[in-house]
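Enquirer: To start, I am sharing the structure in question, which I have written as structure tokens.
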Amino acid sequence: WAKKDARIKAFHKENGGLSDARNFGIEHSTAEFLIFIDSDDFIEPQMLETLYGLITEHGADVAVCGLYNCYKSGRFARCTDDDIIVCDGKKALEYVLIGDRMSVEAPTKLIKREVLGDLRFLKGKTSEDAFFTPELLTRVSKLVETPKPLYNYWHRGGSITTAPFNEKGTHVIEAYEINLEKIKNTYPDLITVAECRLFWAHFTVLDRILASSS
């Protein structure tokens with residue numbers, strides 16, 4: 001495709017994990033906007049057009065869409081609401097921590113490069129989006145979100161999130177512990193929501209441990 005279309009650039013590198021690949025993409029990209037689409041997922045044809053249109057219309061730093069959770073049995077929209085939300089980064093962080101309206105997954109977000117700045121994904125971590133997205137939202141002045149599911153998040157056996165449990169599975173707890181400490185210093189009125197999210201992380205890890213041992 002790079003040979004067919006000058007706008008496309010192809011790079012080849014050793015496998016250093018998801019975060020390393022994303023960081024490599026950031027460093028080698030020249031675009032005004034960035035998005036991270038995972039290799040085993042797929043997007044609706046109008047996703048990028050819709051997100052870019054929302055950023056342009058509302059003068060936002062980030063545009064977010066809803067997603068389908070995809071399984072062999074079918075796909076299911078995470079949110080069935082219809083209203084578009086325009087908010088600041090703090091309110092978006094609250095939505096992400098609650099988790100029923102706006103997801104923490106980075107691939108559902110079109111991001112202005114200038115907002116990203118020096119922020120990068122942590123190498124060697126699973127649940128990398130739980131480290132990345134809350135920090136990103138503290139840098140955002142305006143975010144616009146449509147709950148319309150335009151990203152297809154594929155849940156497959158043997159993936160990072162469905163593989164048998166190992167010690168890296170506790171990284172999600174580490175992420176929300178870090179987020180809670182930051183929120184205590186920056187948005188103290190969100191502490192209760194952040195504590196609930198940390199509880200959710202512990203419950204998720206425990207659930208996976210029990211599932212692996214059964």
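Quick note: the coordinates plus some simple rules give every number you see, no bench work behind them. This one's a predicted model, so the numbers in the text were calculated from it and none came from an experiment. Ideal geometry is used to build each Cβ from the backbone, glycine not excepted, and the neighbour counts take in all protein chains shown.
Enquirer: If amide hydrogens are placed 1.01 Å from N in the peptide plane, which non-local residues have theirs closer than 5 Å to the one on GLY66?
Expert: It is THR146, LYS148, LEU150, by chain and number.
Enquirer: Pop the C-beta distance of LEU210 and ALA6 into the FRET formula with R0 = 35 Å and round what comes out to the nearest 0.05.
Expert: That gives a FRET efficiency of 0.10.
Enquirer: For region 82-88, what does the Karplus curve 6.51 cos²θ - 1.76 cosθ + 1.60, with θ = phi - 60°, yield as ³J(HN,Hα) per residue in whole Hz, taken in order and with x for Gly and Pro?
Expert: 10, 7, 7, 10, 10, 8, 8
Enquirer: For ASP118 and ASP40, what is the calculated FRET efficiency with R₀ set at 25 Å and r taken between the beta-carbons, to the nearest 0.05?
Expert: Once rounded, the FRET efficiency stands at 0.30.
Enquirer: Also, quick follow-up: Using alpha carbons only, how many angstrom separate the centre of region 110-124 from the centre of region 166-214?
Expert: First find each Cα centre; the distance between them is then 22 Å.
Enquirer: In debye, nearest 20, what is the charge dipole magnitude of region 66-204 about its Cα centre with +1 on Lys and Arg Cβ and -1 on Asp and Glu Cβ, if you could check?
Expert: Using only the charged Cβ atoms, the result is roughly 460 debye.
Enquirer: Pulled fully out, how much extra length does the chain show between ASP88 and GLU27, if you take 0.36 nm times their separation in residues and subtract their Cα-Cα distance?
Expert: Taking ASP88 through GLU27 to full extension adds about 19.3 nm, to one decimal.
Enquirer: For the chain, set up a GNM with springs between Cα atoms under 10 Å and report which of GLU114, GLU135, GLU94 has the largest fluctuation.
Expert: GLU114
Enquirer: Taking a ≥ b ≥ c as the square roots of the eigenvalues of the Cα gyration tensor of region 1-88, is the shape rounded (a/c under 1.5), prolate (a/b larger than b/c) or oblate?
Expert: oblate
Enquirer: Taking the structure as given and computing Cα Rg over 2.2 N^0.38 Å, which label from [x] 1.02; [y] 1.10; [z] 0.97 fits?
Expert: So the calculated entry is the one marked [x].
Enquirer: Summing +1 for each Lys or Arg and -1 for each Asp or Glu, what net charge is found among the other residues whose Cβ lies under 12 Å from the Cβ of ALA201?
Expert: Cβ neighbours under 12 Å give a net charge of -2.
Enquirer: Let me ask something additional. I'd like the distance between the alpha-carbon centres of region 1-26 and region 53-67, rounded to an integer number of Å.
Expert: 24 Å
Enquirer: Oh, and also: Sticking with the crude label model, points 7 Å out along Cα→Cβ, report the distance from LYS168 to PHE76 in nm, one decimal please.
Expert: With each label placed 7 Å out from Cα toward Cβ, I get 2.7 nm.
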